[in-house]
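Okay, structure first, notes after.
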Amino acid sequence: MTIKKIMVVDDSPTERAFMEGLLKKRGYDVIVVDSGEAAIERAKTELPDLILMDVVMPGLNGFQATRAITRDEKTKHIPVIICTTKDQETDKIWGLRQGAKDYVTKPVVEAELLEKIKALG
């Protein structure tokens, strides 16, 4: 599967702008949303090739949104990489149990994230 369209889910405008810039300069189409609820809805309509999901957000957190997306018939084929400040091993295990394919901690190391994206593509 070739990854062209990536959805960035983060409640921080600064993080969204950083990720969008990083991905666009690499030629990816980027969709940005600011909540777990919006991520679930947009995943169904946009069907991105990959979702980069923050965890700590008001309302539905990233773990809950990941679980909803990876268990829905329409979106379960979309890989999710969790990108979060939550750096405990238990957080990583929990994130992967929710259906995420990978887990990256912030601050994001550009080369590491691009490598993980490439590995899924």
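Report yes if T2 is surrounded by fewer than 14 Cβ atoms within 10 Å (Cβ to Cβ) and at pLDDT below 95, otherwise no. Here the answer is yes, as T2 does meet what is asked.
Scanning segment 77-97 for residues that are touching a strand residue (DSSP E or B) at 6+ places or on another chain (Cβ under 9 Å) and of a type in the set (S, T, Y) yields T84, T85.
Meeting the requirement of 1 or more residues that are buried (at least 21 other Cβ atoms within 10 Å of the Cβ) and in contact with a helix residue (DSSP H, G or I) (Cβ under 7 Å, 6 or more places away or on another chain), the helices (runs of 4 or more DSSP H) wholly within segment 7-121 are 36-46, 62-71, 89-97.
The values are calculated or read from the model by the stated rules, or taken from the named source; none is laboratory data. Model, not experiment: these values are computed from the prediction. Here Cβ is always computed from backbone atoms with ideal geometry, including for glycine, and neighbour counts include all displayed protein chains.
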